[in-house]
Ligand code: MG
């Protein structure tokens, strides 16, 4: 595959990703797929979905886990509802994660990913160790399916993420780096964070955002790629310096016609920067 194949975060059924039809129109070679709801994860449906992407000439590079009951309404709600952190939902969501790993295997995909939720920054917090243990279980299960497990960035600092990866201690644990999330959640300068966790980055989201007035207390604002505070060219050059040649997956967390237009513009921006940075032309 070419260096930095462009991709789009895609949903089938519910979800904030672009539709398969929209992705086909864009002509991109890869997608990350938001895991569809349970009724679409049967072996028969998985075979159908695999065929649809194959016929479109699109490679699914990562299957993203999401769970009923998650809400990104504001930062305190994310703390309460997202990922494997809420203790009362952990067992059920672990089971769902294993089913999504099996679904990804049926699609022939070698990575699953997740917003695991707000990991306590203090490893002495009584909530910390159980999250390490559940992450180990996800790693071991996905390893048996021949997969990596990618942690989406944003909710913790780079240092917190590195400590967590070390404490989980599994070779198939990796990072899906989303530079905009570092800004949206107020968890640190995205380029500095990327340099720190770079050796673990196996997939990325190309997404942009503007800092909030009070970072970490309120959301920053997600904006079209190239219009925010990430510095997309610097982001890409840093990825190159780190030796990352994997997909550049565009994520735009709005819906409708504006989402389509913004993603199409992002594809053009990434194609231009890729040609400039690698010194090849189109
Ligand atoms: Mg993301």
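Return the residues of the range 106-121 that are away from the ligand (no atom under 16 Å from the Cβ) and closer than 21 Å to residue 175 by Cβ; say none if nothing qualifies.
109, 110, 119, 120, 121
Looking at the range 204-220, which of the residues that are touching a strand residue (DSSP E or B) at 6+ places or on another chain (Cβ under 9 Å) and away from the ligand (no atom under 15 Å from the Cβ) is farthest from residue 3 (Cα to Cα)?
Across the range 204-220, the extreme among qualifying residues is 212.
Look through the range 146-156, keep the residues that are surrounded by 16 or more Cβ atoms within 10 Å (Cβ to Cβ) and at pLDDT 95 or above, and return whichever of them is nearest to the ligand (Cβ to nearest atom). Steps first, answer last, please.
Residues of the range 146-156 surrounded by 16 or more Cβ atoms within 10 Å (Cβ to Cβ): 147-156.
Filter once more, keeping what is at pLDDT 95 or above: 147-152.
Working: 147: 19, 148: 17, 149: 16, 150: 11, 151: 11, 152: 5 Å.
By that ranking, first place goes to 152.
Evaluate the range 82-91: report whether one residue or more is under 19 Å from residue 33 (Cβ atoms), within 16 Å of the ligand (Cβ to nearest atom) and in contact with a strand residue (DSSP E or B) (Cβ under 8 Å, 6 or more places away or on another chain).
Yes - at least one qualifying residue is present in the range 82-91.
Kindly provide the set of residues from the range 247-282 that are buried (at least 20 other Cβ atoms within 10 Å of the Cβ) and outside any helix (DSSP H, G or I), ordered by number.
Answer for the range 247-282, where residues must be buried (at least 20 other Cβ atoms within 10 Å of the Cβ) and outside any helix (DSSP H, G or I): 247, 248, 249, 250, 251, 252.
(1) closer than 26 Å to residue 30 by Cα; (2) surrounded by fewer than 24 Cβ atoms within 10 Å (Cβ to Cβ); (3) in contact with a helix residue (DSSP H, G or I) (Cβ under 6 Å, 6 or more places away or on another chain): which one isn't true of residue 190, the others all being true?
All conditions pass for residue 190, except number (2).
If the requirement is being modelled with pLDDT under 95 and more than 16 Å from the ligand (Cβ to nearest atom), which of these qualifies: 233, 253, 257?
Details: 233 fails: modelled with pLDDT under 95; 253 fails: more than 16 Å from the ligand (Cβ to nearest atom).
Going through 233, 253, 257 in turn, just one is modelled with pLDDT under 95 and more than 16 Å from the ligand (Cβ to nearest atom): 257.
Which one of these is surrounded by 16 or more Cβ atoms within 10 Å (Cβ to Cβ), under 20 Å from residue 241 (Cα atoms) and either modelled with pLDDT of 95 or more or within 16 Å of the ligand (Cβ to nearest atom) (or both): 168, 138, 201, 223? Don't jump to the end; show me each part of the working.
On the way: 168 fails: under 20 Å from residue 241 (Cα atoms); 138 fails: under 20 Å from residue 241 (Cα atoms); 223 fails: under 20 Å from residue 241 (Cα atoms).
After applying the criteria, what remains is 201.
Consider residue 242 carefully, then state whether it is away from the ligand (no atom under 16 Å from the Cβ) and touching a helix residue (DSSP H, G or I) at 6+ places or on another chain (Cβ under 7 Å). Explain how you work it out, then say what you get.
Values: away from the ligand (no atom under 16 Å from the Cβ): yes; touching a helix residue (DSSP H, G or I) at 6+ places or on another chain (Cβ under 7 Å): yes.
When the stated conditions are applied, residue 242 passes them.
The values are calculated or read from the model by the stated rules, or taken from the named source; none is laboratory data. Just so it is clear, the model here is predicted, and its values are computed rather than measured. Ideal geometry is used to build each Cβ from the backbone, glycine not excepted, and the neighbour counts take in all protein chains shown.
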